[in-house]
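Student: One structure follows; several queries about it will come next.
The values are calculated or read from the model by the stated rules, or taken from the named source; none is laboratory data. Remember, it's a predicted structure, so these values are computed and weren't measured experimentally. A quick note on method: Cβ atoms are made from the backbone with ideal geometry, for glycine too, and the neighbour counts reach across all protein chains shown. Accessible surface areas use protein heavy atoms only, side chains included; no ligands, DNA or RNA. Shrake-Rupley method; radii C 1.70, N 1.55, O 1.52, S 1.80 Å.
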Amino acid sequence: MVRKTMMVVLVALAGAAAVGGSLAATSAKSGNVSLTLWHNYGTGGNAGATVNLVKAFEKTHPNIQIKVVSQPSANYFALLQASSISRTGPDLAVQWTGLFDLKYEKFLLNLKPYFSAAEMAKVNALKYMAPNFDPSKGFLVMPLENQFYMGFYNKALFRKAGLAKAPQSWSQLYAACAKLAKIGVTPFVYGADPQSISSSPYPWYDMSYLMAGILTPAEWKGLYTGQIPWTSPKIVAQVGKWASLPKKGCTNKDVLTKTNILGAFTKGQAAMISDGNWDTATFLKALGKNVAPFVLPFSDRPQRGVIQYSGDGFSVMGYSKHQKEAVEFLKFMMTAPAQKIIAAAGLIPDIKGYGTTNPLANQMLAFVSKQGLTPYPMLDNVVQPEVVTTGMKQLDAALGGDISAQSALKSLKSTLDQLPAKRKGPIYSG
């Protein structure tokens with residue numbers, strides 16, 4: 001899920017071990033095991049699902065207790081790395097998939113010996129949890145949910161503006177912005193990320209769709225290796241169009257500083273928002289049938305890509321003294337009762353064969369299953385974290401009009417160029 005800051009800042013190992021009172025698993029008494037689980041979900045639906053999963057697991061495994069610790073999102077991975085080095089961290093921890101779990105692979109338990117081939121086949125997008133994205137080498141994360149980066153629009157405001165459907169291309173977006181502005185609402189609201197990833201927009205939601213609008217999923221590896229430079233003309237053109245949205249009147253003027261963008265959208269002050277499936281419960285509660293998802297229309301032709309990906313889940317730490325018991329929790333996550341808990345939290349189950357009653361989730365799933373759109377991973381999970389961190393600053397600066405798209409993308413290229421060859425070669429490395 002998205003996508004917290006990946007900058008690893010070294011912290012005092014002792015201090016990291018003390019945060020949240022978390023220590024490696026200990027045996028409370030003979031036959032009983034106490035585990036610790038860290039997450040960085042804050043108070044959202046993922047956090048609620050995690051707590052409820054643990055409660056249900058403990059009922060069916062009375063000899064295993066799990067202490068759930070919510071860690072600050074801003075430096076979560078720095079804390080996790082430091083505590084892993086000192087071997088004083090949790091037994092189970094939220095881990096992002098893609099290059100993120102590969103970055104911390106040496107601290108994580110490879111789960112292949114604990115799961116049958118049939119069990120592994122039930123996990124959607126397992127390749128992005130595997131070393132070098134190759135499931136034959138095992139996997140490192142049990143995903144919590146199937147995630148989407150997604151646009152959402154207010155159908156009532158669209159009808160008021162005389163719009164019959166959501167835009168599918170740049171030209172349709174510009175036309176929709178003009179009509180929505182005429183009825184006195186912000187066409188597309190931007191501001192501080194609702195997940196507290198940063199105090200400004202999180203640009204990789206949009207960047208994923210910007211690249212889906214011009215590259216195939218296979219071509220995305222060229223962004224990782226540098227074979228497709230970040231400064232290539234077609235990428236500069238795409239980002240330039242996106243950065244021009246405020247000047248075209250498509251957004252609020254204070255794109256870099258506005259807060260509570262969810263409130264602006266749910267209160268009918270804005271007609272569109274770039275977000276993810278994790279806020280669907282909030283949207284449905286406020287807008288009911290007047291909210292619908294749409295793929296961000298950042299393409300000269302109708303957008304044919306959708307960002308659908310198993311973005312995060314739980315890993316067993318390699319230093320845990322109770323790996324078997326920790327794996328039992330991951331196995332429990334694949335059961336029907338666990339998948340029901342995940343769905344009840346407004347999330348989309350990732351295990352094949354389980355669905356959801358969330359109407360927005362079903363509409364998002366239909367983009368691939370019924371409309372034939374091409375699924376793409378989350379771009380910030382498959383390009384280097386250093387590039388992602390640079391993009392958070394530079395792409396936002398371009399959206400805010402402080403620098404040009406060309407300048408922002410030069411910074412991304414420079415960041416990639418400075419990485420060692422093994423970090424941008426044919427084998428994916430975190």
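Student: Give the distance, in whole Å, between the Cα centre of segment 409-427 and the Cα centre of segment 261-337.
Tutor: After rounding, the separation between the Cα centres reads 29 Å.
Student: Rounded to whole Å and sorted largest first, what semi-axes of the equivalent ellipsoid does the C-alpha gyration tensor of the chain yield via the square root of 5 times each eigenvalue?
Tutor: 36, 24, 20
Student: Something else about it: Between Arg304 and Glu119, how high is the FRET efficiency from 1/(1 + (r/R0)^6) when r is the Cβ-Cβ distance and R₀ = 35 Å? Nearest 0.05.
Tutor: Between Arg304 and Glu119 the formula returns 0.60.
Student: In vacuo Debye scattering of segment 239-365, one point per C-alpha: log10 I(q)/I(0) at q = 0.21 Å⁻¹?
Tutor: One equal scatterer on each Cα of segment 239-365 leads to -1.28.
Student: I would also like to ask the following. So for Thr43, Thr60, Thr88, Thr251, what's the accessible-area order with a 1.4 Å probe, most first?
Tutor: Thr43, Thr60, Thr88, Thr251
Student: Given a 1.4 angstrom probe, I'd like the percentage of the accessible area of segment 210-276 that is carbon and sulfur, rounded to a whole number.
Tutor: 55 percent
Student: At 1.4 Å probe size, with no ligands or nucleic acids counted, give the accessible surface of Lys267 in Å², nearest ten.
Tutor: 140 Å²
Student: Taking a threshold of 20 Å on the Cα-Cα distance, which of the pairs Lys221/Lys422; Lys55/Lys321; Lys59/Lys340; Lys59/Lys324; Lys67/Lys112 fall above it?
Tutor: Check vs 20 Å cut-off fails for Lys55/Lys321; Lys67/Lys112.
Student: Distance cut-off 19 Å, Cα to Cα: go down the list Lys179/Lys248; Lys155/Lys241; Lys258/Lys410 and report the pairs above it.
Tutor: Checking Cα-Cα distances, Lys155/Lys241; Lys258/Lys410 exceed 19 Å.
Student: Quickly rank 69-76, 96-103 as a protection proxy: mean count of other C-beta atoms within 10 Å, highest first.
Tutor: Those peptides, ordered most packed to least, come out 96-103, 69-76.
Student: Hey, how much of the P(r) for segment 290-368 falls beyond 20 Å, as a percent of Cα pairs?
Tutor: In whole percent, the long-distance tail amounts to 49.
Student: Same structure, new question: Quick one: Karplus J couplings for segment 388-403, per residue in order, coefficients 6.51, -1.76, 1.60, θ = phi - 60°, nearest Hz, x for Gly and Pro?
Tutor: Along segment 388-403, the couplings run 4, 4, 4, x, 4, 7, 6, 5, 4, 4, 5, 5, x, x, 7, 9 Hz.
Student: Okay, next question. Report Rg(Cα)/(2.2 N^0.38 Å) for segment 164-290, keeping two decimals.
Tutor: In units of the 2.2 N^0.38 Å rule of thumb, it is 1.13.
Student: Here's a follow-up. If you take every DSSP beta bridge whose two residues both sit in the chain, what share of them, in percent to the nearest 5, is antiparallel?
Tutor: 60 percent
Student: In addition: Pull up all non-local amide H partners of Gly226: gap of 5 or more, or a different chain, and H-to-H distance under 5 Å with H placed in the peptide plane.
Tutor: Counting only residues 5 or more places away or on other chains, the set is empty.
Student: Kindly state, as a whole number, the per residue volume in cubic angstrom of the convex hull around the alpha carbon atoms of segment 89-159.
Tutor: Value for segment 89-159: 138 Å³ per residue.
Student: Apply the Karplus curve 6.51 cos²θ - 1.76 cosθ + 1.60, θ = phi - 60°, to the phi angles in segment 349-361 and return the couplings in whole Hz, x for Gly and Pro.
Tutor: For segment 349-361, the Karplus-derived couplings read x, 9, 6, 4, x, 10, x, 8, 9, 5, x, 5, 4 Hz, x marking Gly and Pro.
Student: Please report the accessible area of Tyr41 (heavy atoms, 1.4 Å probe, ligands and nucleic acids excluded) in Å², nearest 10.
Tutor: Answer for Tyr41: close to 20 Å² accessible.
Student: Pop out the ³J(HN,Hα) list for segment 44-53 in order, Karplus 6.51 cos²θ - 1.76 cosθ + 1.60 with θ = phi - 60°, rounded to Hz; leave Gly and Pro as x.
Tutor: In residue order, the calculated couplings are x, x, 5, 5, x, 4, 4, 4, 5, 5 Hz.
Student: Same structure, new question: If amide H atoms are built 1.01 Å from N in the plane of the peptide, which residues on other chains or at least 5 residues away come under 5 Å of the amide H of Tyr202?
Tutor: Asp193
Student: Which length gain, in nm to one decimal place, applies between Ala344 and Thr259 when the Cα-Cα distance is subtracted from 0.36 nm times their residue separation?
Tutor: My answer for the length gained is 27.8 nm.
Student: Using per-residue counts of other Cβ atoms within 10 Å, averaged over each peptide, order 373-382, 287-296 from highest down.
Tutor: 373-382, 287-296
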